[in-house]
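*Asks:* I am attaching a structure below and will ask some questions about it afterwards.
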Amino acid sequence: AQKVTQAQTEISVVEKEDVTLDCVYETRDTTYYLFWYKQPPSGELVFLIRRNSFDEQNEISGRYSWNFQKSTSSFNFTITASQVVDSAVYFCALSEANNAGNMLTFGGGTRLMVKP
Amino acid sequence: DVKVTQSSRYLVKRTGEKVFLECVQDMDHENMFWYRQDPGLGLRLIYFSYDVKMKEKGDIPEGYSVSREKKERFSLILESASTNQTSMYLCASSLHSRLSGNTIYFGEGSWLTVV
């Protein structure tokens, strides 16, 4: 069975600091998809990134970057030069292949607080 | 842009009441989902539907039912609300395919308090 673990329940940083959110997953499938979502105080989950298991290239999007390492079953998310608007709960999620329902298994979430 | 709309943001209901949470998506997605979010537990899948009138149980279906009469609309029903169903409920949708990986889009959530 699949499982996603976000060991950091809460992180607090000062604006402009870099911060990394950890995500470790478990799956028996060789083909799977990993996601990160952001949930601001308004409640809506905002899609950030999707990565399939065959693509281990790191990805950078502005101040956001993702480090996917199959060897350690991790998909970590780094925010560079954090801003107050980055304050939110961030969820890592996993979807296994042959799962036509596209169901996601979520981690418990990491609450990030960026202080001015 | 994909739009998933949940009809009620905040509800307060009494124990034993029947509660309907409505969700509509405008992207012609086949799949629709209802998740429940609780602190420390992340999101847990209650039910999902991959077609009109089709439904599948998720991880925590007990105490809930769903209805999918039209492709764009997916309703979550609490037949007899209880205090342990106080939570944030999130509706979502995605395209359907044989393989997973399609991005799931979420609504803004409905905060339900049962007193």
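*Asks:* Which of the residues that make up the stretch A:4-37 are within 11 Å of chain B (Cβ to nearest Cβ) and basic (Lys, Arg)?
*Replies:* If the condition is that a residue be within 11 Å of chain B (Cβ to nearest Cβ) and basic (Lys, Arg), then no residue fits.
*Asks:* What is the residue count in the stretch A:32-46 for residues that are in contact (Cβ under 8 Å) with a residue 12 or more places away in the chain and surrounded by 15 or more Cβ atoms within 10 Å (Cβ to Cβ)?
*Replies:* Matching residues across the stretch A:32-46 total 9.
*Asks:* Okay, moving on. Does A:Phe77 count as more than 14 Å from chain B (Cβ to nearest Cβ), closer than 23 Å to B:Phe106 by Cα, crowded, with 16+ Cβ neighbours inside 10 Å and of a type outside the set (Lys, Arg)?
*Replies:* Working: more than 14 Å from chain B (Cβ to nearest Cβ): yes; closer than 23 Å to B:Phe106 by Cα: yes; crowded, with 16+ Cβ neighbours inside 10 Å: yes; of a type outside the set (Lys, Arg): yes.
So A:Phe77 fits the description; yes.
*Asks:* Output the residues belonging to the stretch B:77-106 that are at the interface with chain A (Cβ under 9 Å from one of its Cβ atoms), aliphatic (A, V, I, L, M) and part of a strand (DSSP E or B).
*Replies:* Within the stretch B:77-106, B:Met88, B:Leu90, B:Ala92 meet the criteria.
One line per residue, one yes/no per condition, for (1) within 14 Å of another protein chain (Cβ to nearest Cβ); (2) outside any loop (DSSP other than H, G, I, E, B); (3) closer than 24 Å to A:Lys3 by Cα; (4) β-branched (Val, Ile, Thr):
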site: B:Phe20; (1), (2), (3), (4): no, yes, no, no
site: B:Met32; (1), (2), (3), (4): yes, yes, yes, no
site: B:Ser75; (1), (2), (3), (4): no, yes, no, no
site: B:Glu108; (1), (2), (3), (4): yes, no, no, no
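*Asks:* Report yes if A:Glu56 is touching a helix residue (DSSP H, G or I) at 6+ places or on another chain (Cβ under 9 Å), charged (D, E, K, R) and assigned to a loop (DSSP other than H, G, I, E, B), otherwise no.
*Replies:* yes
*Asks:* Just to be sure I understand, how many residues within the stretch B:34-67 are more than 18 Å from B:Val114 (Cα to Cα), not in a strand (DSSP E or B) and not hydrophobic (A, V, I, L, M, F, W, C)?
*Replies:* Residues that pass the stated criteria total 7.
*Asks:* Report every pair of residues separated by at least 6 positions or lying on different chains whose Cβ atoms are under 6 Å apart, first residue within the stretch B:35-49 and under 20 Å from A:Ala7 (Cα atoms), second outside any strand (DSSP E or B).
*Replies:* Filtered contacts from the stretch B:35-49: B:Gly40/A:Gly108; B:Gly42/A:Gly107; B:Gly42/A:Gly108; B:Gly42/A:Gly109; B:Arg44/B:Asp59; B:Arg44/B:Ile60.
*Asks:* State whether the residues of the stretch A:47-65 include one that is in contact (Cβ under 8 Å) with a residue 60 or more places away in the chain, small (Gly, Ala, Ser) and more than 24 Å from B:Gly107 (Cβ to Cβ).
*Replies:* No, every residue in the stretch A:47-65 fails to be in contact (Cβ under 8 Å) with a residue 60 or more places away in the chain, small (Gly, Ala, Ser) and more than 24 Å from B:Gly107 (Cβ to Cβ).
*Asks:* Right, here's the next one. (1) touching a Phe, Trp or Tyr at 6+ places or on another chain (Cβ under 8 Å); (2) more than 14 Å from every other protein chain (Cβ to nearest Cβ); (3) of a type in the set (Gly, Ala, Ser): which one isn't true of A:Ala97, the others all being true?
*Replies:* Condition (2) is where A:Ala97 drops out.
*Asks:* Moving on. With the requirement that a residue be in contact with a strand residue (DSSP E or B) (Cβ under 7 Å, 6 or more places away or on another chain) and modelled with pLDDT under 90, what does the stretch A:54-74 give you?
*Replies:* Scanning the stretch A:54-74 gives A:Glu56, A:Asn58, A:Glu59.
The values are calculated or read from the model by the stated rules, or taken from the named source; none is laboratory data. Since we're looking at a predicted model, the values are computed, not measured. So basically every Cβ, Gly included, is an ideal-geometry build from the backbone, and we count neighbours across all protein chains shown.
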